[in-house]
Structures are given as C-alpha cells and as structure tokens.
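Encoded as structure tokens, the structure appears first; notes follow it.
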Amino acid sequence: MSTELRTPLAWLLLPVTGLVMVFILAPLVVTVAMSVSDTPLCRLPAARRYPRLVR
Amino acid sequence: MAAIPVETARVSPSGAPQARWASAGRLAPAVLLAPSLLFLAVFFALPALTLILYSVLTQAADGTIGLPLTLAHYQHFFTTSVYSRVLLTTLRISLWTTGAAALLAYPVALVMVRSSPFVRQAITMIVIAPLIVSVVVRTYGWQLILGNGPTGILNWLLLRIGLAQKPVALLYSEAAVVIGSLHVFFPMTVLPVASALGRIDPRLEDAARTLGATAWRSFRRITLPLSLPGLAVGCTLVFSLTAGSFVTPAILGGTGAQMLGMLVDQQILVVYDWPFGATVATVLVAIVLAVNIVSMRVLDRRRAVQAR
C-alpha cells in the first residue's frame, strides 16, 4: 500500500469509494430484488400513508 | 529469406529491383491500412456524410427529399427557443455528469490503484459490473429507486428516516438523467484515471516525501498533474457519450429533461422530418467533435510542454 492511503486525509477516500460502490450496485441489486419479489409493483411500507397512490 | 533478393538487388547495376523493393516497402503501410480505412469509409464516413447532406436538403410536402440545398433547417434550429432550450439542457446535463464523474472517479481510481490486490480486484469488479448489464435494465433500476411517489425506494428511505416530510419529485428531472448517466458512464472515467495513476512511478512521490513535501503537496504537485491526461480522456468520453445518449434521458428524463438524442428520434420517427432530424444530429456531432478536438489539443500541448 502506498504512503498516500496511510495519511489521515487519504482515509477520507475510503468512505467516498464505499458510497460510490453502493451507488454503482444499487440499481443492479434493486432489479434483482424485484425479479424475486412476489408483488407486481414495487410496494414499500411507507405506501400505507398514501392509500390513494397504491393500487 | 528476404535478405538474399535485397542483397542481390543492391549489387545489380541497373538499380531497378532495389527501387521495386523500396516502392513495395512504401506501399506496405497503405496496403495494411486499406481494410480498416475501407471499413471506416463505409460504416462511418458514408453515413456521416449522408447525414450532413440530408441536413441541407429540402423535404417536399409529399415527403420526398431533394434539392435545392438550404441552410433553413439550421436557422430554424438556432432561432427556435424550444430547440435552443433542448441544446442547453443537453450541454448542462453533459457538463454536470462529467463534473460529477470526475469528482467521484478520482478517489475511486486512487483507492483502486493504491490498495491491496484483493481490494483492487473487488473495486474493479464492481466498477465494471454495470457494463455487463443492459443499459435499459440499469435505467429501469434507477426508475424504481427514484420513483416520485412514496413507493420510490429513495423517497421511502427519506420518509422513513425523516429527512423529507413528503415525497420528493426526483424522476423525470435533469437530476435523474444526471444520476442515470453518471451510473452508465462512470466506468469510462474510472478506468482511464486508474490507468494514468498506475503508470506514475511511485519513486517520484517517495522522493518528494523524502525531500520534505507533505502528502497533500506531493499529491498536488506530482500525482495530480501526471494523472490529468487520464482524467481528460475520461471526461471527454463521458461528455461525448452523455451528450449523445438516448435511453437514459428517455426513461429517466421524460419530457422534464429532453435532450438532443430524443429530439433526433422524435423528428425522424414521429414527425418524419428527416432533414431537420439530420440537422439536430449534425449539431450534436459537431458539439461532440469540438469537445474532442479541444481535449486532444490540450493534451498534445501538455505533452509538448512536458517533453521540453
């Protein structure tokens, strides 16, 4: 490992990289999750607060 | 084996075989380049020239396209506020995407290059993962995440953790297109930057640190300048690809963020105005070409300065 990643400033790069990894994987994971979901629509618990929007 | 005839040719008094070999040597590059030049001529230059030609032809009332040549379509494009707005939206979205890609790709590339082999491989796999999934599938994934109602995953999260009191309108906006485009074209920035960072001799940074430079100073004076060509290539790629994208703005932008690619599709397949569609496409190609030329010039100048 280079010296750059050992400095305190360099450690800031790791959370940024982690967030970017989540950003990249998010739509892929969601698509796979939807493919194994038993509901025809993406329905999450908060939808109960807006009954008219839910079919 | 080829040396014998050449030696023979050198001693021949007339000099004719030597000249023949020399001319064959001169022809060899042209012969080797011919297939790729032919391919480019047929599959790139010909369609591009046809497109430009169509943009200056006139469409009659019955739909036939022909003479006289006119620049009226260009005048119509640049003087109609709707089309100028689409052009500005395209440039704005492309610039935002490019800026965000540059800002986010650099730390990722730095960690990728400077980490242990296991972390490097994991990051590389994740970064290139979107490339093996269809852009349509990825964009539909974003549609589920950015959904405007409370059923949208991001809205659900924001409501759950109390960051928003009511669902936020994210889908069908420029922000949604920027997010989608950033996701689609992110590897195009990370990979050139990582390649440029990987080519930097680590001894240069070690020397700077030995001479008393702080980590930040050594990054600012050595790592960043030497990796700029990779960043420039990545930014040019992302800008060019975003400006010409169609699927992402069509699915995530809708009518809220219309881009030039959508306008071309609309003019050619819905309105059947081929000359105007060709005009819009030519403007798009001209913008992308201009950005590429400027980027290449800047890189060449930089290389010339470094070589001195």
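Calculate the mean, over all residues of peptide B:185-194, of how many other protein chain Cβ atoms lie within 10 angstrom of the residue's Cβ. Working shown, then result.
Working: counts 0, 3, 1, 0, 0, 2, 0, 0, 0, 0.
Averaged over the peptide's residues, the number is 1.
Which residue, B:Ser218, B:Trp156, B:Val298, has the largest displacement toward the positive end of the dipole of the protein assembly as shown when charges sit on each Cβ (Lys, Arg +1; Asp, Glu -1)?
After comparing all options, I get B:Ser218.
Per the helix-only calculation at 222 nm, which mean residue ellipticity applies to chain B, given -39500 (n - 2.57) for every DSSP H run of n ≥ 4 and division by its residues, nearest 500 deg cm²/dmol?
On the way: 14 runs with 216 residues, N = 308.
Calculated at 222 nm, the ellipticity per residue is -23000 deg cm²/dmol.
List the equivalent ellipsoid semi-axes of segment B:51-110 in whole Å, largest first, each obtained as the square root of 5λ for an eigenvalue λ of the Cα gyration tensor. It would help to have the intermediate numbers written out before the result.
Values: eigenvalues 306, 38, 13 Å².
In descending order the semi-axes read 39, 14, 8 Å.
Given a Förster radius of 56 Å and the C-beta distance between B:Ala207 and B:Ile65 as r, what FRET efficiency does 1/(1 + (r/R0)^6) yield to the nearest 0.05? Spell out each step's value before the answer.
Numbers: r = 65 Å, r/R0 = 1.16.
Efficiency, from the Cβ-Cβ distance: 0.30.
Explain nothing, just compute: Karplus ³J(HN,Hα) = 6.51 cos²θ - 1.76 cosθ + 1.60, θ = phi - 60°, for every residue of segment B:245-261 in order, whole Hz, x for Gly and Pro.
6, 10, 4, 4, x, 5, 8, 9, x, x, 8, x, 8, 7, 10, 4, x
Rounded to two decimals, what ratio of Rg to Rh does chain B give with C-alpha atoms and a Kirkwood Rh? Intermediate values should be presented prior to the final figure.
Details: Rg = 26.4 Å, Rh = 23.8 Å.
Here the Rg-to-Rh quotient is 1.11.
Two decimals, Cα atoms only, Kirkwood Rh: what is Rg/Rh over segment B:178-226?
Details: Rg = 14.5 Å, Rh = 12.3 Å.
With Rg and the Kirkwood Rh in hand, the quotient comes to 1.18.
Can you give the mean number of other chain Cβ atoms that lie within 10 Å of the Cβ atoms in peptide B:210-217?
Details: counts 0, 0, 0, 0, 2, 9, 4, 0.
Shielding by partners across B:210-217 averages 2.
Which whole-Hz couplings ³J(HN,Hα) result when phi for each residue of segment B:218-227 is put into the Karplus expression 6.51 cos²θ - 1.76 cosθ + 1.60, θ = phi - 60°, listed in order with x for Gly and Pro?
Couplings: 5, 5, 5, 9, 10, 5, 4, x, 6, 9 Hz.
Show me the ranking of peptides B:129-141, B:237-249 by mean Cβ neighbours inside 10 Å, starting with the highest. Before the final figure, lay out each step's value.
Values: B:129-141: 16.5, B:237-249: 22.8.
Result, highest mean first: B:237-249, B:129-141.
Name the shape class, rounded, prolate or oblate, that the alpha-carbon gyration tensor gives for segment B:130-181, where a ≥ b ≥ c are the square roots of its eigenvalues, rounded holds for a/c under 1.5, and otherwise prolate holds if a/b is larger than b/c and oblate otherwise. List each step's numbers first, then the result.
Working: a/c = 2.78, a/b = 2.01, b/c = 1.38.
Taking the square roots of the gyration eigenvalues as a ≥ b ≥ c, segment B:130-181 is prolate.
For segment B:241-308, what is Rg from Cα atoms divided by 2.2 N^0.38 Å, rounded to two decimals?
Details: Rg = 16.6 Å, N = 68, 2.2 N^0.38 = 10.9 Å.
Dividing the Cα Rg of segment B:241-308 by 2.2 N^0.38 Å gives 1.52.
Rg(Cα) of the protein assembly as shown divided by 2.2 N^0.38 Å? Walk me through the numbers before you get to the answer.
Details: Rg = 27.0 Å, N = 363, 2.2 N^0.38 = 20.7 Å.
After normalising by residue count via 2.2 N^0.38 Å, the value is 1.31.
Label segment B:92-194 by shape, choosing from rounded, prolate and oblate, from the square roots a ≥ b ≥ c of the eigenvalues of the Cα gyration tensor; if a/c is under 1.5 it is rounded, and otherwise prolate applies when a/b is larger than b/c, oblate when it is not.
Numbers: a/c = 2.05, a/b = 1.80, b/c = 1.14.
Prolate shape, in that a/c is at least 1.5 and a/b is the bigger ratio.
Given axes a ≥ b ≥ c from the Cα gyration tensor, I'd like to know whether segment B:217-271 is rounded (a/c under 1.5), prolate (a/b larger than b/c) or oblate.
Values: a/c = 6.11, a/b = 3.44, b/c = 1.77.
Taking the square roots of the gyration eigenvalues as a ≥ b ≥ c, segment B:217-271 is prolate.
Based on the Cα gyration tensor of segment B:187-302, what are the three equivalent ellipsoid semi-axes, each the root of five times an eigenvalue, rounded to whole Å and given largest first?
Numbers: eigenvalues 356, 43, 17 Å².
That gives 42, 15, 9 Å for the three semi-axes.
Any idea what the relative contact order of chain B is, in percent, if you count C-alpha pairs under 8 Å spaced at least 6 apart? Can you show the working numbers first?
On the way: 330 pairs, mean separation 69.8, N = 308.
Result for chain B is 23 percent.
Residue by residue through A:22-35, how many Cβ atoms from other chains fall within 10 Å of the Cβ on average?
6
No lab work stands behind these numbers, since they all come straight from the coordinates. Model, not experiment: these values are computed from the prediction. Glycine also receives a Cβ, built like all others from the backbone with ideal geometry; neighbour counts cover every protein chain displayed.
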